[in-house]
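Everything below concerns the one structure shown next.
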Amino acid sequence: MKAVYNPCVSTAQPSRSALFPRSFTKAYPQAVRGEGVWLYDAAGKKYLDFCGSAVVNFIGHGVKEVAGAMASQAANLEYVHGSQFVTDVAEQFAREVLDFAGENFRGGAVFFTSGGSEAVETALKLARQYQVEIGQTKRHRILSRHQSYHGATLGAMAVSGNLLRREIYLPMLRDSTKVNSPYPYRCPYHCTDQCDKCGHKLAQELDEALNSCHGEAAAFIFEPVSGATLGAVAPPNGYLRDLAGIAKRHGILLISDEVMTGFGRTGRNFCYEHWSKGDWAPDIICAAKGIASGYAPLGAVIANAKVVDAIANGTGSLVHGFTYSAHPTALAAGRAVLRIIREKDLVLAATSDRRGYSDERLKDSKETAGHKMRTGLRTLSDLPHVGDVRGIGLLWAVEFVSDKYARTPLAPEKKFSAAVANACMKRGVIVYPMQGSVDGISGDHMLVSPPAVITTGEIDWGVSQLREAIEEVSRSS
Ligand code: PLP
C-alpha cells in the first residue's frame, strides 16, 4: 500500500543531523581549523583552500590578530542599534573604507551590512531613494545583465541572471530588463577576436534598453568581472567606460557589484579601477566577502558624495536598515583585515599583470601570487577538456568542454565540474564548481581564487592536483 504523507509524523532518519545542510545528498567533512591557505578536518586531513572557500578568504585563515580585535571589541561593546548610537569602530572603519575606495568617493559614505545580498538590496533601494530625493519619482527600474549573480534575496535575485538559481522562484520575482554580459570565449555576436572590438556594441545594448524604459530607470548594476555565474570573465577594453557615459546621459546610477571582486581580489582595491584612469567611477560599490575575509559576516555599500548629499540634504534618512547594520564586532574584524591587506601589500600580491614586485618590502618574492596563478593555470590548456582559462588577479576560472576546437559544452547531466571538484577534494584541494555558463543550464566551469598569502610552491602543487583531478574525470566521462 502506498504510504500517505502525514505532516504531523516525522519521517526523519534518527541519525539525520539537526542542521539544514546545503545538500541532503552529500556528505561533508567537518572543518575544525584553518591556518594560512590550509583547512583541516576532524579526521586530520588537510586541504589547500584554492578558492578562498567561496572567493571569501583573502588574508589567509587563522590570523590571530583579527580574532584578537574581534574578541576585544566584543568584550568591550558587542552591539548597539544604529537608531540609538554610533560607535567609534564604525566611524573609523567607514573612513578607512572610503579612503580605500579613493578620490571618487571622497565626501561619500559607507552603509555596513551583514553580507553581499544585503549590500545589493541596500544599493537597489538607495538608488531608488536617490531618484525620489532629486525629484525623479518615476524612476524605479533597475537594469542588469544576463548571466550575472547579485545575491540570494528576492530583490537581488530579480536583478540576477543566474537561471539555475532563479528558476523555481520566477513567479515570485519582479521582472527586470537585462542586457548581454561580455563573454569573449562565446561572444554573443560570434566575433573571432576575443571581443576586441565588441565593447562598444555591448555597451550600446544598455543605451537601447534605457531608451525603452521611458524614463523609469533608476540604476544599472553589473559585476566588473563576472563572478561565479560566467566564471571570471573580464570585459573588453572601453566597455565599462562606455557604460558609465551611457548611465550618465540617461540620468541613472551605476552600481558596481564588487562583492566578489572588491578589496583587492583582482589586484586593484576595487576591480573597476582596472578600466578607469580616474575619468569615470561607479556611483555605488557593493562589497562583502573579502572585506572581512570570512572572519565575520560583513558587507558594505559605498556611495559617492552625489548620492549621499541627495539624501542628507533631502529627507535626511534612508528608508532602510537592518538590525545588524554596522555590527561592532564584525566591523572590528573588517578593520583588522584591512590593516593586514595594507601592511602585507596583499593587493599588490594579487596582481597578475606584472611579474615581479617592485616594492622594497617584498623584494624577496620573485613573482606575485596573481601572476603565478595566471601562468600556472594556463598550463592546463593542453588538456583535451579544458576549453578556456581566464581571469585576472586572484580570480580565475577554467571552462570545460567536450570538444575544445568546436567549444562544445559538456552534457549538463555529466556534472563534469562538480566531478572535478570532488576529485580535487579527494586530493586535498578545494575549488568552486559551477554550471550554466553557456546558456544558464549547460557549460561547466570552476573558480580558482586562493587567499593572497599563497606561495608559488603551493600554487604549483594545487595546479598539479587540479591537472590530475581533471584527467581522472576525463577518463571516466
Ligand atoms: N554579488 C556577487 C557578485 C556575488 O558573487 C555574491 C555571492 O557570491 C553576492 C552578491 C551575494 O553575496 P552573499 O552570498 O554574501 O549574500
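The values are calculated or read from the model by the stated rules, or taken from the named source; none is laboratory data. Keep in mind the model is a prediction, meaning the values are calculated, not measured. All Cβ positions, even for glycine, are placed from backbone atoms using ideal geometry, and neighbour counts span all protein chains on display.
Here are some notes:
- Ser226 meets the stated requirement of being within 16 Å of the ligand (Cβ to nearest atom) and either surrounded by fewer than 17 Cβ atoms within 10 Å (Cβ to Cβ) or within 25 Å of the chain's Cα centre (by Cα) (or both).
- Tyr272, sole failed condition from (1) under 18 Å from the mean Cα position of the chain (by Cα); (2) over 24 Å from Ile134 (Cβ atoms); (3) among the aromatic types (Phe, Trp, Tyr): (2)
- Residues of region 132-171 classified as assigned to a helix (DSSP H, G or I) and of a type in the set (Val, Ile, Thr), total: 3
- Checked against (1) in contact with an Asp or Glu (Cβ under 9 Å, 6 or more places away or on another chain); (2) surrounded by fewer than 17 Cβ atoms within 10 Å (Cβ to Cβ); (3) at pLDDT below 95, Tyr357 passes all but a single condition, namely (2).
- 2 or more residues in the same structural domain as Thr329 (by TED's automatic domain parsing), within 30 Å of Ser276 (Cα to Cα) and of a type outside the set (S, T, N, Q): qualifying helices (runs of 4 or more DSSP H) within region 10-108: 88-101
- Just so you know, in region 430-477 the residues that are closer than 27 Å to Arg186 by Cβ and hydroxyl-bearing (Ser, Thr, Tyr) include one that is surrounded by the fewest Cβ atoms within 10 Å (Cβ to Cβ), and it is Ser476.
- Cβ-Cβ under 6 Å pairs, at least 6 apart or on other chains, region 55-75 side within 16 Å of the ligand (Cβ to nearest atom), far side of a type in the set (A, V, I, L, M): Val55/Met260; Phe58/Ala452
For every residue, the table says whether it meets (1) under 23 Å from the mean Cα position of the chain (by Cα); (2) among the small types (Gly, Ala, Ser); (3) more than 30 Å from Ile441 (Cα to Cα).
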{"position": "Gly82", "(1), (2), (3)": "no, yes, yes"}
{"position": "Val97", "(1), (2), (3)": "yes, no, yes"}
{"position": "Ile134", "(1), (2), (3)": "no, no, yes"}
{"position": "Gln147", "(1), (2), (3)": "yes, no, no"}
{"position": "Gly155", "(1), (2), (3)": "yes, yes, no"}
{"position": "Leu164", "(1), (2), (3)": "yes, no, no"}
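- Looking at Ala336, Ala326, just one residue is more than 16 Å from the ligand (Cβ to nearest atom), within 19 Å of Leu98 (Cα to Cα), at pLDDT 95 or above and assigned to a loop (DSSP other than H, G, I, E, B), and that residue is Ala326.
- Among the residues listed as Ala292, Ala281, the single one being more than 26 Å from Ala67 (Cβ to Cβ), in contact with a helix residue (DSSP H, G or I) (Cβ under 9 Å, 6 or more places away or on another chain) and either surrounded by 24 or more Cβ atoms within 10 Å (Cβ to Cβ) or modelled with pLDDT of 95 or more (or both): Ala281
- Where Asp388 falls short, out of the listed (1) surrounded by 24 or more Cβ atoms within 10 Å (Cβ to Cβ); (2) touching an Asp or Glu at 6+ places or on another chain (Cβ under 6 Å); (3) acidic (Asp, Glu): (1)
- Only listed residue being under 23 Å from Gly391 (Cβ atoms) and either out of contact with any strand residue (DSSP E or B) (no Cβ under 9 Å at 6 or more places or on another chain) or assigned to a loop (DSSP other than H, G, I, E, B) (or both), chosen from Ser317, Ser293, Ser256: Ser293
- Residues satisfying the stated conditions in region 112-131, i.e. of a type in the set (Ser, Thr, Tyr), in a helix (DSSP H, G or I) and within 16 Å of the ligand (Cβ to nearest atom): Ser117, Thr122
- Residue count for region 402-429, restricted to those that are surrounded by fewer than 21 Cβ atoms within 10 Å (Cβ to Cβ) and assigned to a strand (DSSP E or B): 2
- Of all residues in region 146-162, those satisfying the criterion of being within 11 Å of the ligand (Cβ to nearest atom) and closer than 17 Å to Leu254 by Cα are Ser148, Tyr149, His150, Ala156, Val159, Ser160.
- Residue match in region 117-129 (condition: without any contact (Cβ under 8 Å) to a residue 12 or more places away in the chain and within 25 Å of Gly215 (Cα to Cα)): no
- Exclusive hit being free of Cβ contacts under 8 Å to residues at least 24 places away in the same chain and aromatic (Phe, Trp, Tyr), set Tyr405, Tyr432: Tyr405
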